[in-house]
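Asks: Below is one structure. I have some questions about it.
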Amino acid sequence: MSAGTVKVVTRVNGIEYEREVEPRLLLSDFLRGHLDLTGTRVGCEHGVCGACTVQVDGLPVRSCLMFAVQVNARDVSTVESLAAPDGTLHPLQQAFRDRHALQCGYCTAGILMTMSAFLADNPTPDEAAVREALSGNLCRCTGYQHIVDAVLDVAGSPQRERPE
Amino acid sequence: MSDETLSRSGDSWLGASVTRNEDPQLLTGRALFVGDIKAADMRHAAFLRSPHAHALIERIDTSRATARPGVVAVYTAEDLGDLMRPMPMVVPPAPVEGLVFNQRTHTPLAGEKVRYVGEPVAMVVAESRYIAEDALADIEVEWAPLPVAGDLEFSAAPDAPQVHDGLAGNVAAIARQSKGDYAAARASAHTVVRRRFLYEHGMAQPMETRAIAARFDRRTDQMTVWASTQAPTSLRGGLAAVLGMGESDLRVIAPFVGGGFGVKVLMYYPEEVLIPWAARRLAGAVKWIEDRGEHFLATTQERGQIHDAEIALDADGRILGVKDDFLHDNGAYNPYGLTVPINSQCSLFGPYDVPAFDSTFTAVYTNMPIASPFRGAGRQHGVFVIERLIDIAARETGIDRVEMRRRNLLQPGDFPVNHKVIFQDFTELTYDSGDYPAVLARAAEKIGYRRFIEDEQPALRAAGRCVGIGIVNYVEGTGIGPYEGARVQVLANGRVSLATGAGTQGQGHFTSFAQLVADQLGISPREVDVTTGDTDRFQWGAGTFASRGAVVAGNAVHAAAVAVRGKALALAAAEFDCEPADVLLEDGVARHRGSNRLIPLGELAQRANPMRGAVRPGAEPGLESTQYFGPEMGTTASGAHAMIVEVDPETLMITIRDYVVVHDCGTAINPLIVAGQIHGGVAQGIGNAFFEKIVFDSHGQLLSGSLADYLLPTSLDIPRMTLDHTVTPSTLNELGIKGVGEAGAIPVAPLFAQALEDALQLPARGVDILEIPLSPNRLWELATGQA
Amino acid sequence: MKPASFRYVAPPTLEDALIAKAEYGDDAMFLAGGQSLVPAMNFRLSEPAVLIDINTITDLPPIHTDATTGELRLGARTRHRDLQYMPDIGAACPLLREAIVHVAHPQIRNRGTLCGNLSHADPASEMPAVMLALDARMRLASISGERWVAARDFFEGIYTTACREDEMLVEVAIPAAAPRSATCFLEVARRPGDFAMMGVAVAITLDTAGRCEDARLAYCGAGDTPVLATGAADILTGSVLTEDAIAAAAAQASREIAPLGSIHAGADYQRHLAGVLTRRAVPIAFRRVAGEIE
């Protein structure tokens, strides 16, 4: 059966795009390959690592588990949307830098897109809530501690001393 | 921005927790990784891999794949011409006396026979990766499966299926190393403890899989290769050799690299060789991004060893000798020589005074993916064995485990300590410096060892809680040769360019190396632009592995910066008509102490490259210097980890209540980065100890082939860690640096074993934990007597 | 890991979707949240010729309470996220909220749907067991009509349900909680968010004398379907929930499930966990009836 192509009209980081794509094109590949928004990283393509997390209509989702055609008429935000046009980092990005919350930086975009949405809904989380929210994003470099610290910094929350 | 608040440590950048130069690019998504490389003529490759662990290839038919629209080419072994030969050894075997070593390296594609599941047998190049993967299904292969050498002990038996023809059994290597007279030590011992230990290390699983893109320019006959590699200079040399190209016609760029942990060192991986080969053959651009499914089979792993080990002690619990014979799962080929088992063997000494030592390992070919170093590189196995032997011996002699460790530690006055066995860097294993008693004492204090075992644990146990404590030591040989180099150049715009051949995969070299330069030239680290992975910018070096970046490349950077400083001072002194000692370099200018006259560094650089006049013999133009650093031998870092853990006595799920690391990596260039390295190492150690398990069945089929099955720890699995350190500078380099990259990962498994054993009071039931990785299921079996 | 080609159908109405499904039969799959389907497609373990995207359908049943039966009705576009956050759902059926946080991670829950999860019928998944404990019913629709199937008849095997090739699970109906009833969900997973090595969903109803009037104990990770431990429930029913009665029920539950074992948990350990979790979950549900705990 011929798959053909389908039209996608979508708004990404506030800009409207119209593209003809194969239905099977993954959203992650669409963003990276067709829109040249390569800040979204692909880590596993089976929905576990979280590196490819973007926001669709404000909610974090795995872009490797959606087809590009599914963001037709939807709003997508990627890591490229976080910093101000003049380069000023988003508070979470700045906290990541201050706290050394990234090493190789490959998981970082997905974590930023997850945790910026989390902080929008939960402005003052405790450490347990931060760790829970972060648990769908794998990082192989940092052991998470500095990431947790960076998120807590933005929230103005203290680090916990020991597990409950 | 936080830049304005950058501050030195005292009067130097060395030792300052400078936030990273590279972060803005990475945080905003602008950083370039190999997957981001675009070209109008870019084609995409996919590999057909063996579904069998051991089989003959009877026939391959690629005609349907070739005919598929969008497919550019399909290659099998018979298309490779003279590339179809065993690839070179990456690391030759260490010169151990009496060594048996049977070299068997892989070919870029399997020819007549496959030896592990995942071994590539055909390559498709197509207009897109989607199409390339479609075409894989079009290739027809007739297989004749062969018996499989799967399990390590099974494969070591004389009658096991033979992985390679022409060998006696599956012996890849046998190496015996000894010191003193172990038999005599044993004969005089008060206590001898002997156990069999199984240690499986796992997979590196960097978040970015392997990736390589190549573009051949038919007008210049030159090739550019972008590779997610830890060793761009080595890769260039290796590719030039196997492809028959001149090094100067090959440029290898390692852009940002999403983690490596050992498995992205040059391996002559089939894809690493074939993508450039295909780009040249097609006179265009070809890219291959390993997908995570492939990564589980196509990237090297570390896997397992079986140790039959014993320790002999006197009545006071002092070690008289250690003996350990072990099997090492080498996988199907051995391009990386003996690095892993040699490290395991050498790690058996730990930080202890071991007068007599006798160890023989047998590396065994199996029908498994190739084993090569992964963060720790075999040290975990050895550290597990010695630490466990001490724990068990302590119990059997009634001596407290911390006290027994303390009694056996090498003392600060003992250094240098030469163990008289050959280490992975081919020199005799020698510890340069350390203060092991201080490290152990501090770890015991930080975790509250006495208080815990005397007060807290008894009270909690009385309340029915299963809580345990562990405390272990390790040493780590770091910073081995051969050498790295660096070029520092002051640019006309006043910024400073630094290039080195050692790659970067997240270690912060863009910042820590900049700090070393900044100190010499009186500038901010923000004014130093660091290139770490472009052979057109710096072509010499070995790579980033073995905890050697800061030690070896760092000292080369320092040397180059010192040389440029000398040139700047001399040039400014000539301008000021004064002695160099009267010139200060600060805030980006050269300043005359007396008159306060100043010349900006950039202007000084321009004057060093004059349009008229002459460069005198013996002098060089430019404010630039290239320097190399090659240590005689590795420098030895050390540390102790301590942990309090609670176990649910029914489910056997664990909660880590406290985790303490005390480490000594000599001089720390950037403590913030060092902390990150330790945290990440511990996380990988915890993964290895309790979460990550590579499971193959007896047919060599991987059962843990996704991230849903191979369990990388999450933010909920890794505890908050408390770090502390002592500083015993290395005596082997000017900066006193020791490596720290692998340290965190090394001693976690024996720590888990000790603490969990304690929590569950297993010894009281006659059960020792002798294996890694553990799991709730395994703990339940051990706790219920199902050995 | 790229999916094979497929034809994409985006029906505007449920009827259009059912017509398409009738036309393509087993060659077509519904794309709801895609959080199980797309990974399988990326691995090329699943290569449907047609995907019918239900996300474009405008007339799927909304989340609502059935005025007649009092049932909580959850339509095919109900996402895991809704179960976690929608106050009405949490109030009507706290078990859903208690269990859903164990299902994967926030990003997955933002996309994944309840009906998609149930249709996928992974026996290790939490929600199928929850449906058994709640005695839910499933509305299956096709162009030739619709029918209701009880949860206990819906799950037929690994990835296999009573749903015919022309049918779609369009809605789940959860009975209103009886007076003096409460629920509890507990599981043990390797990492939070992983499929459970063992999980239990308990629903109990007490009589006015405090005796157990009805008990439903359902387990995930316990066989090739979610397993309703009726023998264990029988032990509890009619008895005062003493420690002994609960222990007997737990022992019976660990006997009557049929765990398959995995690389993370052998069947014996799974049975052991079933007993442990039963002993823990039943008293929690009991205390919830009594209002002693949330």
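The values are calculated or read from the model by the stated rules, or taken from the named source; none is laboratory data. Keep in mind that this is a model prediction, so the values were computed, not measured. Note that we place each Cβ from the backbone using ideal geometry, even for glycine, and neighbour counts take in every protein chain shown. What goes into the accessible areas is simple: the full protein's heavy atoms, side chains included, and nothing from ligands, DNA or RNA. Shrake-Rupley method; radii C 1.70, N 1.55, O 1.52, S 1.80 Å.
Asks: Can you pull out the residues in the stretch B:403-453 that are among the polar types (S, T, N, Q), assigned to a loop (DSSP other than H, G, I, E, B) and open to solvent by less than 30 Å² (accessible area, probe 1.4 Å)? If you could, list the steps in order and put the result at the bottom.
Replies: In the first step, residues of the stretch B:403-453 are kept if they are among the polar types (S, T, N, Q); the result is B:408, B:411, B:418, B:424, B:427, B:430, B:433.
Pick out the ones that are also assigned to a loop (DSSP other than H, G, I, E, B) and you get B:411, B:424, B:427, B:433.
Hits for the stretch B:403-453 are B:GLN424, B:SER433.
Asks: Only one of C:ARG109, C:ARG81, C:ARG44, C:ARG73 is crowded, with 21+ Cβ neighbours inside 10 Å, at pLDDT 95 or above and not polar (S, T, N, Q); which? Explain how you work it out, then say what you get.
Replies: Numbers: C:ARG81 fails: crowded, with 21+ Cβ neighbours inside 10 Å; C:ARG44 fails: crowded, with 21+ Cβ neighbours inside 10 Å; C:ARG73 fails: crowded, with 21+ Cβ neighbours inside 10 Å.
Testing whether each residue is crowded, with 21+ Cβ neighbours inside 10 Å, at pLDDT 95 or above and not polar (S, T, N, Q) leaves just C:ARG109.
Asks: Looking only at residues in the stretch A:17-43 that are part of a strand (DSSP E or B) and farther than 11 Å from A:CYS64 by Cβ, which one is least open to solvent (accessible area, probe 1.4 Å)? Outline the logic, then answer.
Replies: Start the filter on the stretch A:17-43 by keeping residues that are part of a strand (DSSP E or B), which leaves A:17-21, A:26.
Retained after the next criterion (residues that are farther than 11 Å from A:CYS64 by Cβ): A:17-21.
Numbers: A:TYR17: 41, A:GLU18: 107, A:ARG19: 82, A:GLU20: 109, A:VAL21: 2 Å².
Selected residue: A:VAL21.
Asks: For C:ASP59, which of the numbered conditions (1) crowded, with 18+ Cβ neighbours inside 10 Å; (2) under 27 Å from A:ALA68 (Cβ atoms); (3) away from chain A (no Cβ under 14 Å); (4) of a type outside the set (Val, Ile, Thr) fails to hold?
Replies: It is condition (1) that C:ASP59 fails.
Asks: Another question about this same structure. Looking only at the stretch B:511-535, which residues are outside any strand (DSSP E or B) and either of a type in the set (Ser, Thr, Tyr) or at pLDDT below 95 (or both)? Steps first, please.
Replies: Kept after step one, since they are outside any strand (DSSP E or B), are these residues of the stretch B:511-535: B:511-527, B:532-533, B:535.
The answer is B:THR511, B:SER512, B:SER524, B:THR532, B:GLY533, B:THR535.
Asks: For the stretch B:620-659, name all the residues that are away from every other protein chain (no Cβ under 14 Å) and either among the aromatic types (Phe, Trp, Tyr) or open to solvent by 60 Å² or more (accessible area, probe 1.4 Å) (or both).
Replies: Matches in the stretch B:620-659: B:GLU620, B:PRO621, B:GLN627, B:TYR628, B:PHE629, B:GLU632.
Asks: Tally time: how many residues in the stretch A:69-85 are assigned to a helix (DSSP H, G or I), hydrophobic (A, V, I, L, M, F, W, C) and within 12 Å of chain B (Cβ to nearest Cβ)? Please lay out each step first, then the result.
Replies: Just the residues of the stretch A:69-85 that are assigned to a helix (DSSP H, G or I), to begin with: A:69-71, A:79-81.
Those left that are additionally hydrophobic (A, V, I, L, M, F, W, C): A:69, A:71, A:79.
Imposing the further condition that a residue be within 12 Å of chain B (Cβ to nearest Cβ) reduces the set to A:79.
Result for the stretch A:69-85: 1.
Asks: Hey, B:ARG375 hits all of (1) assigned to a helix (DSSP H, G or I); (2) among the charged types (D, E, K, R); (3) under 25 Å from the mean Cα position of the chain (by Cα) but one; which does it fall short on?
Replies: All conditions pass for B:ARG375, except number (1).
Asks: Could you say which residue among C:GLY75, C:GLY33 is within 13 Å of another protein chain (Cβ to nearest Cβ), under 21 Å from C:LEU134 (Cβ atoms) and small (Gly, Ala, Ser)?
Replies: C:GLY33
Asks: Additional query: Based on this model, can you work out whether B:VAL467 counts as within 14 Å of chain A (Cβ to nearest Cβ), in contact with a strand residue (DSSP E or B) (Cβ under 7 Å, 6 or more places away or on another chain) and open to solvent by less than 10 Å² (accessible area, probe 1.4 Å)?
Replies: Numbers: within 14 Å of chain A (Cβ to nearest Cβ): yes; in contact with a strand residue (DSSP E or B) (Cβ under 7 Å, 6 or more places away or on another chain): yes; open to solvent by less than 10 Å² (accessible area, probe 1.4 Å): yes.
Yes; evaluated as a whole, the condition is true for this residue.
Asks: Name the residues in the stretch A:34-75 that are touching a residue at least 60 places away in the same chain (Cβ under 8 Å) and among the acidic types (Asp, Glu), would you?
Replies: A:ASP75
Asks: Which numbered condition in (1) assigned to a loop (DSSP other than H, G, I, E, B); (2) over 28 Å from B:VAL121 (Cβ atoms) is the only one that B:PHE261 fails?
Replies: The single condition B:PHE261 does not satisfy is (2).
Asks: Just to be sure I understand the filter: pairs with C-beta atoms under 7 Å, separated by 6 or more residues or on different chains, first member in the stretch B:760-784 and within 14 Å of another protein chain (Cβ to nearest Cβ), second member among the aromatic types (Phe, Trp, Tyr). Which pairs pass?
Replies: Final answer for the pair search is B:PRO773/B:PHE690; B:LEU774/B:PHE690; B:LEU774/B:PHE752; B:SER775/B:PHE690; B:ASN777/C:TYR269; B:TRP780/C:TYR269.
Asks: Determine the pairs where a residue that is within 13 Å of another protein chain (Cβ to nearest Cβ), located within the stretch C:86-114, has a partner that is surrounded by fewer than 24 Cβ atoms within 10 Å (Cβ to Cβ) and in a helix (DSSP H, G or I) with Cβ atoms under 6 Å apart, the partner being 6 or more residues away or on another chain.
Replies: What qualifies is C:ARG109/C:ARG81; C:ASN110/C:ARG81.
Asks: Shifting gears a bit: Taking the criterion of being of a type in the set (Ser, Thr, Tyr) and more than 9 Å from chain A (Cβ to nearest Cβ), would at least one residue in the stretch B:713-720 satisfy it?
Replies: Here is the first cut: in the stretch B:713-720, the residues of a type in the set (Ser, Thr, Tyr) are B:714-715.
Keeping just the survivors that are more than 9 Å from chain A (Cβ to nearest Cβ) gives none.
The answer is no, given that none of the residues of the stretch B:713-720 is of a type in the set (Ser, Thr, Tyr) and more than 9 Å from chain A (Cβ to nearest Cβ).
Asks: So, of the residues in the stretch B:244-282 that are closer than 22 Å to B:ASP36 by Cα, of a type in the set (D, E, K, R) and touching an Asp or Glu at 6+ places or on another chain (Cβ under 8 Å), which turns out to be farthest from the other protein chains (Cβ to nearest Cβ)?
Replies: B:ARG251
Asks: Give me the pairs, please: first residue somewhere in the stretch B:427-450 and of a type in the set (Lys, Arg), second residue anywhere and open to solvent by less than 30 Å² (accessible area, probe 1.4 Å), beta-carbon distance under 7 Å, and either six or more positions apart or on two chains.
Replies: Close Cβ pairs (under 7 Å, with a partner that is open to solvent by less than 30 Å² (accessible area, probe 1.4 Å)) amount to B:ARG442/B:VAL662; B:ARG442/B:ASP724; B:ARG442/B:THR726; B:LYS446/B:ALA642; B:LYS446/B:VAL660; B:LYS446/B:VAL662; B:LYS446/B:ASP724.
Asks: Which condition breaks for B:VAL34 when tested against (1) surrounded by 15 or more Cβ atoms within 10 Å (Cβ to Cβ); (2) within 30 Å of B:GLY503 (Cα to Cα); (3) in contact (Cβ under 8 Å) with a residue 24 or more places away in the chain; (4) more than 14 Å from every other protein chain (Cβ to nearest Cβ)?
Replies: (4)
Asks: If you don't mind, there's one more thing I want to ask. Check off (1) under 19 Å from C:LEU277 (Cβ atoms); (2) out of contact with any Pro (no Cβ under 8 Å at 6 or more places or on another chain) for C:GLU156 and give me the number that stays unchecked.
Replies: Tallying (1) under 19 Å from C:LEU277 (Cβ atoms); (2) out of contact with any Pro (no Cβ under 8 Å at 6 or more places or on another chain), C:GLU156 fails exactly one: (1).
Asks: In the set C:ASP194, C:ASP234, which member is open to solvent by 10 Å² or more (accessible area, probe 1.4 Å) and within 25 Å of B:VAL695 (Cβ to Cβ)? Spell out how you get there, then give the answer.
Replies: Numbers: C:ASP234 fails: within 25 Å of B:VAL695 (Cβ to Cβ).
Step by step, each of C:ASP194, C:ASP234 is checked, and only C:ASP194 is open to solvent by 10 Å² or more (accessible area, probe 1.4 Å) and within 25 Å of B:VAL695 (Cβ to Cβ).
Asks: If you check B:GLY293, B:GLY237, which single one turns out to be in a helix (DSSP H, G or I), free of Cβ contacts under 8 Å to residues at least 12 places away in the same chain and among the small types (Gly, Ala, Ser)?
Replies: Values: B:GLY293 fails: free of Cβ contacts under 8 Å to residues at least 12 places away in the same chain.
Answer to the selection: B:GLY237.
Asks: Please determine, by comparing only the residues of the stretch A:114-139 that are open to solvent by 10 Å² or more (accessible area, probe 1.4 Å) and more than 13 Å from chain C (Cβ to nearest Cβ), which one is nearest to B:GLY506 (Cα to Cα).
Replies: The extreme case among them is A:CYS139.
Asks: Same structure again: Filter the stretch A:86-113 for residues that are within 7 Å of chain B (Cβ to nearest Cβ) and outside any helix (DSSP H, G or I); which is surrounded by the fewest Cβ atoms within 10 Å (Cβ to Cβ)?
Replies: Ranking the qualifying residues of the stretch A:86-113, first place goes to A:LEU89.
Asks: Okay, moving on. Exactly one of (1) in a helix (DSSP H, G or I); (2) open to solvent by less than 30 Å² (accessible area, probe 1.4 Å); (3) modelled with pLDDT of 95 or more; (4) of a type outside the set (Gly, Ala, Ser) is unmet by B:VAL562. Its number?
Replies: (2)
Asks: A:CYS52 - would you say it is within 7 Å of chain B (Cβ to nearest Cβ) and closer than 29 Å to B:ILE678 by Cα?
Replies: On the way: within 7 Å of chain B (Cβ to nearest Cβ): no; closer than 29 Å to B:ILE678 by Cα: yes.
Answer is no for this residue.
Asks: Mind listing whichever residues of the stretch B:660-675 are farther than 11 Å from B:ALA637 by Cα, under 18 Å from the mean Cα position of the chain (by Cα) and away from every other protein chain (no Cβ under 13 Å)?
Replies: none
Asks: Output yes when any residue across the stretch B:185-201 is at pLDDT 95 or above, in contact with a helix residue (DSSP H, G or I) (Cβ under 6 Å, 6 or more places away or on another chain), within 30 Å of B:PHE33 (Cβ to Cβ) and part of a loop (DSSP other than H, G, I, E, B), and no when none is.
Replies: Checked against the condition, which is being at pLDDT 95 or above, in contact with a helix residue (DSSP H, G or I) (Cβ under 6 Å, 6 or more places away or on another chain), within 30 Å of B:PHE33 (Cβ to Cβ) and part of a loop (DSSP other than H, G, I, E, B), the stretch B:185-201 yields no hits at all.
Asks: Further, regarding this structure: Does the stretch B:203-224 contain any residue that is at positive phi and open to solvent by 60 Å² or more (accessible area, probe 1.4 Å)? Steps first, please.
Replies: Step one: filter the stretch B:203-224 for residues at positive phi, giving B:205, B:221.
Next, only the ones that are open to solvent by 60 Å² or more (accessible area, probe 1.4 Å) stay: B:221.
There is at least one residue in the stretch B:203-224 that is at positive phi and open to solvent by 60 Å² or more (accessible area, probe 1.4 Å).
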